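The values are calculated or read from the model by the stated rules, or taken from the named source; none is laboratory data. What you see is a predicted model, and the numbers here were worked out from it, not measured in a lab. Quick reminder, even Gly has a Cβ in these numbers, built from the backbone with ideal geometry, and neighbours come from all protein chains shown. Accessible surface is based on the protein model in full, side chains and every heavy atom, while ligands, DNA and RNA are left aside. Shrake-Rupley method; radii C 1.70, N 1.55, O 1.52, S 1.80 Å.
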Amino acid sequence: MSKLGNLGARLHRGEISYDFVGKRKIWYGVSILITITAIVGLAVRGLNMGIEFKGGAVFTTPTHMSTSVTQAENYAKDASGHEAIVQKLGNGSLRIQIAGIDTGQSDKIKQELAKDLNLNPEKLAADLVGPSWGQQIANKAWEGLGIFMVLVVIYLAIAFEWRMAVAALVALIHDITITTGIYALVGFEVTPGTVIGLLTILGYSLYDTVVVFDSLKEQTKDITKQSRWTYSDIANRSINGTLVRSINTTVVALLPVAGLLFIGGGFLGAGTLNDISLSLFVGLAAGAYSSIFIATPLVADLKEREPAMKALTKRVLAKRAQAAAEEDLAADRADDDSADAAPAVVGPRNQPASRGRGRGRPSGKRR
């Protein structure tokens, strides 16, 4: 068995564990700090909305263009008076996006761009995108997100309990906020692909959370009938028991996404991959983090406020204190007994019988 597999087996059996729930205040503090940073990024820099949401024109050149991306950006800016986003596609053509222009401006910009690029205007494809279309996409995305959240809360409340539903909802909001904040700080363009990526990570984050919740539900059956473990103790065991599984799932999911983001979008220059790959990469990592460090500790916090769980915690702590006192008393008695023991005998043991048993007696023959 591999070292990781052996570690997972020991974690599942409870032979070793890390106190995730006991240190929940640390994780809450880290999450609050990251969330505040994301919110500040959204408030200060805002999202770099793509042309699909702002409206504008997209010009596509023929293949194998010798013009560089920087030159095309300067040409587009001079022709339109707006900042342009230029991407070099795999076939060598250029995709030039200019936001905030109408149909009349588009025709004029097309003529000037074709002249600067030494192209026939007929060979420069132009597509107009109205802002109403992007607004419809945004509205549908918000509607889908709202419906998804409501269905998640209802399902978890029925399948588990309302406290787990609340904790899962908080974890999902946590993941969305962090992911959108990273987009604002990095400055990547927000496109319909970004929206798809955001909706995708919600399902992944929820799956990872439900795995831990299912284990927690099984282990907390008839919890009040025993006095050995508190609810937080069992919650911590549930996290440790599924920890290796969560790590493996996250790493396997992140590897291809990292390939899209860092190799495809960064090294190879396929910028069109950045919009969806960044949301997936950040969202998958945040989802795994929230499942372990946010959702389950939050459930433990909510459950520990119940009167039955408070009584159980009090009973468990009293029993542990009594057991510790008995161990100390037994140790003191053992020390006293060893101090009162008789000293050991010094000298040779089992001394052999003297051979001169008859010495000192007169010897003589019988007469």
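Computed from phi, the 3J(HN,Hα) profile of segment 20-36 under the Karplus parametrisation 6.51, -1.76, 1.60 (θ = phi - 60°) reads 5, 5, x, 9, 5, 5, 5, 5, 4, x, 5, 5, 5, 4, 5, 5, 4 Hz, with x in place of Gly and Pro. Checking the cross-link pairs Lys221/Lys303; Lys25/Lys319; Lys25/Lys225; Lys217/Lys319 against a 21 Å limit on the alpha carbon distance flags Lys25/Lys319; Lys25/Lys225; Lys217/Lys319 as lying beyond it. Principal axis extents of the Cα atoms in segment 76-182, from largest to smallest and rounded to whole angstrom, are 66, 26, 24. Between Val190 and Asn48, Met49, Gly50, the built amide H atoms are under 5 Å apart, and every one of these is 5 or more places off in sequence or on another chain. Excluding same-chain neighbours fewer than eight residues apart, the lysines reachable from Lys140 by a Cα-Cα span under 20 Å are Lys54. Under 16 Å of direct C-alpha separation, and excluding same-chain neighbours fewer than eight residues apart, Lys314 reaches these aspartates and glutamates: Asp233, Asp301, Glu304, Glu306.
For segment 205-261, run through the trypsin sites (Lys or Arg not before Pro) and keep only the ones in DSSP coil with at most 12 other Cβ atoms within 10 Å of their Cβ.
Lys221, Arg228
Rounded to the nearest 0.05, the FRET efficiency derived from the C-beta distance between Arg45 and Leu317 at R0 = 35 Å is 0.10. Accessible surface comparison of His82, His64, His174, probe 1.4 Å, protein chains only, largest first: the order is His64, His82, His174. Ordered from largest to smallest accessible area (heavy atoms of protein chains, 1.4 Å probe), the residues Asp19, Asp175, Asp275 come out as Asp19, Asp275, Asp175. Each residue of segment 187-193 was assigned a 3J(HN,Hα) from its phi angle through the Karplus expression (A = 6.51, B = -1.76, C = 1.60, θ = phi - 60°), giving x, 5, 6, 9, 10, x, x Hz with x at Gly and Pro. For segment 170-280, the share of alpha carbon pairs falling in successive 10 Å distance bins from zero is 13, 34, 27, 16, 8, 3, 0 percent. For segment 43-53, putting each phi into the Karplus relation 6.51 cos²θ - 1.76 cosθ + 1.60 with θ = phi - 60° gives couplings of 6, 7, 8, x, 8, 8, 5, x, 5, 5, 9 Hz, in residue order, rounded to whole numbers and with x for Gly and Pro. Per-residue surface analysis assigns Arg320 an accessible area of about 100 Å², computed on protein heavy atoms at 1.4 Å probe radius.
When restricted to Cα atoms, segment 114-176 yields an Rg and a Dmax of 22.4, 67 Å, respectively.
Measuring spread by the Cα atoms of segment 59-128 yields a radius of gyration and Dmax of 10.7, 30 Å. Here Ser17 sits with roughly 80 square angstrom of accessible surface, probe radius 1.4 Å. Please state, as a whole number in µm²/s, the translational diffusion coefficient that the Stokes-Einstein equation yields for segment 9-89 at 37 °C and 0.692 mPa s, with Rh defined as the Kirkwood radius across alpha carbon pairs. Calculated translational D: 181 µm²/s. Ignoring aspartates and glutamates fewer than eight residues from Lys77 along the same chain, the ones with Cα atoms less than 17 angstrom from its Cα are Asp102, Asp107, Glu112, Asp116.
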